[in-house]
Amino acid sequence: MSVDRTAPSAGWGDLLRHRRFVLYLATLSVGDIGYSVYAVAAPWLAYQVTHNFVDVGAVLAAEFGLYAFSFIAAPFVDRAQEKRIVLLWGYALQAVAASSIGVLAIEQKLTFLLLLPLVSMISLVWDFTWSANNTIPPLLLPKEALFRASGLSGVLSGGNQVTGFTVGGALILLTGPGGAMLLYGALNAASAVLALGITTQGSPSAQGPVWQTMVEGWHAWWGGSNGRPLRSLSLLVAVQGFFAPGSVLLITSIASRAAASQFTYGVLFTAFVLGGAAIGILLGHFNPRRHVGLLLLTTPLIAAGLLASAAWAEKVLALGVVLWFASGTAMLGFEVCYLVYLQATSPPSEVARTTSNVFFFRGTARATGAIALGFVATFLLPTTLALWIAGGLVVSSVVGAALWPSLRKVQF
């Protein structure tokens, strides 16, 4: 069976009539809701187990730090002609690990020495499911439709995050974090069932042993195969990625000084997430395939101005909502642009390796930035913290300008 790449790129309705793409969206959507529930529950669960913030930090480091090593999973994904198999195993194993945490927590048998390896297992398996999910759109659709496909995914992702955070928070109040983890397990199982309808059978796949495939992927990254300036792009997304966690830290800092801190945090964070969803639709509508490099250069500058303004507007919630919505469009727009570019320009048998190799630099930079900016945030007022973050984003645009001879090729 050959992969159907005939979905028209003229309108949104054409994508919504593409059965396998709709099933892909459904699989991704249910998985995203589950992950948002997990993101709320895991830190609080770690605190309940040990009442030690160092252990909470260790769980978060295991959760996020291991994502940077998706390049190890990528060769397996690229070698799989049928990506559905990767999704089935991935979501199923995540369901087992999450459900185990939930049962142990409810029965009060969960210890830190059990929690940490189970969280690590979820993160390691997620490297495979994340890589597989990146490969599927360019296998199902023509590259002209990928910005539009990303827009639909972004809208669902924004709503899913709000839904997941809300449901996760409610379950923590009603059943404790153990109940939230059981729901995460059930949603992973549902994603596995939905993935049964996604097939990529007949698509190109990498050949040769896993180790050789991994080396080939890094050779392509180093040499910039197909004219892609992958090293320059990796440097830019790493610099921007170092300061990217600053937006959430700044929301937390602003909310901590508000009278209704929990309400303020929820409102501002939701506005930020929905802004990120909105930019996906705008990019899908305008389809800026020839201007990706320019967007990567300018969006950090726009975000810098918006974040600085949002901090100064901390006492006017309505204005803050508008500014954080706009900040979400700039910050998430950067990420959408570079990922869609990699999906569109990578040979079908290299998509997982290309996206994962570039993300290695972004992921490690984000983890380092989260720790460094978190430390700085403990000593600074929100307005001062905002200037630090804005200054860093300006630096990333300066780096982009210095790399412009290479980045101008970032188009498709």
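The values are calculated or read from the model by the stated rules, or taken from the named source; none is laboratory data. On a predicted model such as this, the values are computed, not experimentally measured, just so you know. Positions of Cβ are backbone-derived with ideal geometry, glycine not excepted, and every protein chain shown enters the neighbour counts. Surface accessibility is based on the protein's heavy atoms, side chains included, excluding ligands, DNA and RNA. Shrake-Rupley method; radii C 1.70, N 1.55, O 1.52, S 1.80 Å.
(1) among the hydroxyl-bearing types (Ser, Thr, Tyr); (2) more than 24 Å from GLU82 (Cβ to Cβ); (3) touching a Gly at 6+ places or on another chain (Cβ under 9 Å): which one isn't true of SER225, the others all being true?
Among (1) among the hydroxyl-bearing types (Ser, Thr, Tyr); (2) more than 24 Å from GLU82 (Cβ to Cβ); (3) touching a Gly at 6+ places or on another chain (Cβ under 9 Å), the lone unmet condition for SER225 is (3).
Among all residue pairs at least 6 apart or on different chains, which show Cβ distances below 6 Å where the first residue, located in region 303-314, is free of Cβ contacts under 8 Å to residues at least 40 places away in the same chain and the second is crowded, with 17+ Cβ neighbours inside 10 Å and not hydrophobic (A, V, I, L, M, F, W, C)?
LEU306/SER327; ALA313/GLY320
Kindly check whether there is at least one residue in region 218-226 that is open to solvent by 50 Å² or more (accessible area, probe 1.4 Å), assigned to a helix (DSSP H, G or I) and either more than 27 Å from PHE76 (Cβ to Cβ) or of a type in the set (Val, Ile, Thr) (or both).
no
Could you say which residue among LEU380, LEU332 is farther than 19 Å from PRO300 by Cα, at pLDDT below 95 and open to solvent by 10 Å² or more (accessible area, probe 1.4 Å)? Outline the logic, then answer.
Working: LEU332 fails: farther than 19 Å from PRO300 by Cα.
Going through LEU380, LEU332 in turn, just one is farther than 19 Å from PRO300 by Cα, at pLDDT below 95 and open to solvent by 10 Å² or more (accessible area, probe 1.4 Å): LEU380.
Mind checking which residues of region 312-328 are touching a Gly at 6+ places or on another chain (Cβ under 9 Å), surrounded by fewer than 24 Cβ atoms within 10 Å (Cβ to Cβ) and assigned to a helix (DSSP H, G or I)?
Passing the criteria: PHE325, ALA326.
So, in region 237-253, exactly how many residues are open to solvent by less than 10 Å² (accessible area, probe 1.4 Å), more than 17 Å from the chain's Cα centre (by Cα) and either farther than 16 Å from VAL394 by Cβ or at pLDDT 95 or above (or both)?
Number of matching residues: 1.
Report every pair of residues separated by at least 6 positions or lying on different chains whose Cβ atoms are under 8 Å apart, first residue within region 10-33 and closer than 19 Å to LEU139 by Cβ, second part of a loop (DSSP other than H, G, I, E, B) and small (Gly, Ala, Ser).
Between residues of region 10-33 that are closer than 19 Å to LEU139 by Cβ and residues that are part of a loop (DSSP other than H, G, I, E, B) and small (Gly, Ala, Ser), the close pairs are ASP14/ALA7; LEU15/ALA7; HIS18/ALA7; PHE21/ALA7.
From LEU296, LEU268, which residue is crowded, with 24+ Cβ neighbours inside 10 Å, over 30 Å from GLU144 (Cβ atoms) and within 22 Å of the chain's Cα centre (by Cα)?
LEU268
Here are some residues: THR50, THR27. Which one is farther than 30 Å from ASN287 by Cα and either modelled with pLDDT of 90 or more or of a type in the set (Ser, Thr, Tyr) (or both)?
Only one candidate qualifies: THR50.
Report yes if VAL49 is open to solvent by less than 60 Å² (accessible area, probe 1.4 Å), over 21 Å from GLY241 (Cα atoms) and among the aliphatic types (A, V, I, L, M), otherwise no.
Yes; evaluated as a whole, the condition is true for this residue.
For region 391-403, how many residues meet the condition of being touching a Phe, Trp or Tyr at 6+ places or on another chain (Cβ under 9 Å) and open to solvent by less than 40 Å² (accessible area, probe 1.4 Å)? Spell out how you get there, then give the answer.
Narrowing region 391-403 to residues touching a Phe, Trp or Tyr at 6+ places or on another chain (Cβ under 9 Å): 391-393, 395-396.
Then keep just the ones that are open to solvent by less than 40 Å² (accessible area, probe 1.4 Å); that gives 391-393, 396.
So the answer is 4.
Residues are listed down the side, and each one gets a yes or a no for (1) closer than 30 Å to TRP12 by Cα; (2) touching a Lys or Arg at 6+ places or on another chain (Cβ under 7 Å); (3) assigned to a helix (DSSP H, G or I):
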| position | (1), (2), (3) |
| --- | --- |
| ARG231 | no, no, yes |
| SER234 | no, no, yes |
| ALA238 | no, yes, yes |
| GLY241 | no, yes, yes |
| SER253 | no, no, yes |
| ALA258 | no, no, no |
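If you take the residues of region 121-152 that are charged (D, E, K, R) and open to solvent by 10 Å² or more (accessible area, probe 1.4 Å), which of them is nearest to the chain's Cα centre (by Cα)?
Only one residue fits best here, namely ARG148.
Looking only at region 161-208, filter to residues that are modelled with pLDDT under 85 and among the polar types (S, T, N, Q); which one of those is surrounded by the most Cβ atoms within 10 Å (Cβ to Cβ)?
GLN161
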